[in-house]
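Participant: Attaching a single structure in structure tokens format; questions to follow.
The values are calculated or read from the model by the stated rules, or taken from the named source; none is laboratory data. Source: prediction; values computed, not measured. Methodologically, a virtual Cβ is constructed for each residue, glycine included, from the backbone with ideal geometry; neighbour enumeration extends over all protein chains shown.
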Amino acid sequence: MILCNRYIIVVTQMVPDAPLHRTKSLTTKVTEEEYARLQELATAAGQSMGEWARTVLLAQVNSSQEIILAEVLALRMLYLNSVQILGQKRELTTDELRKLIERVDGEKRRRAKERLREPDGNGPGADKSANITPV
């Protein structure tokens, strides 16, 4: 890894079965002030500049994936529970829908985290994302 006055080099891809052998790098130019601030943050975290930048970048990617998956799962849970109620020839009142939305919103992040932890996304519990009992 090369660090110089105006570059940050970040490794972002690993070779399978060799977790410490990274083969790809990412560079960017920053101002002197930006570099100094980034160096302060890396030092405060007890990491090298490259390791800190890698950690921050990958955390951002993982967070984005979780948010998107959480919203997709919430829509799926809301849809399936609504269809279940309507399939029973019941009326879905505004109050019931509001309560259902609150419950789905309360579950979506946890379920997204579970899904992202599963190696293929189809592990144990993969089909359970819609199992919220209708209100």
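Participant: Out of MET77, MET49, I need the residue that is in the same structural domain as GLU118 (by TED's automatic domain parsing) and surrounded by 15 or more Cβ atoms within 10 Å (Cβ to Cβ). Which one?
Facilitator: None of the other options fit; the residue is MET77.
Participant: Does region 60-68 contain any residue that is under 26 Å from ARG115 (Cα atoms), small (Gly, Ala, Ser) and out of contact with any strand residue (DSSP E or B) (no Cβ under 8 Å at 6 or more places or on another chain)?
Facilitator: Looking for residues that are under 26 Å from ARG115 (Cα atoms), small (Gly, Ala, Ser) and out of contact with any strand residue (DSSP E or B) (no Cβ under 8 Å at 6 or more places or on another chain), one finds at least one in region 60-68, hence yes.
Participant: Only residues in region 51-74 that are over 23 Å from ARG110 (Cβ atoms) count as the first member; pair them with residues that are modelled with pLDDT of 90 or more and in a helix (DSSP H, G or I), Cβ under 7 angstrom, at least 6 apart or cross-chain, and list the lot.
Facilitator: Sorted first by the residue in region 51-74, then by its partner, the pairs are TRP52/LEU41; TRP52/ALA42.
Participant: While we're here: Please indicate, with yes or no, whether at least one residue in region 100-117 is at pLDDT below 70, surrounded by 12 or more Cβ atoms within 10 Å (Cβ to Cβ) and over 14 Å from ALA70 (Cβ atoms).
Facilitator: no
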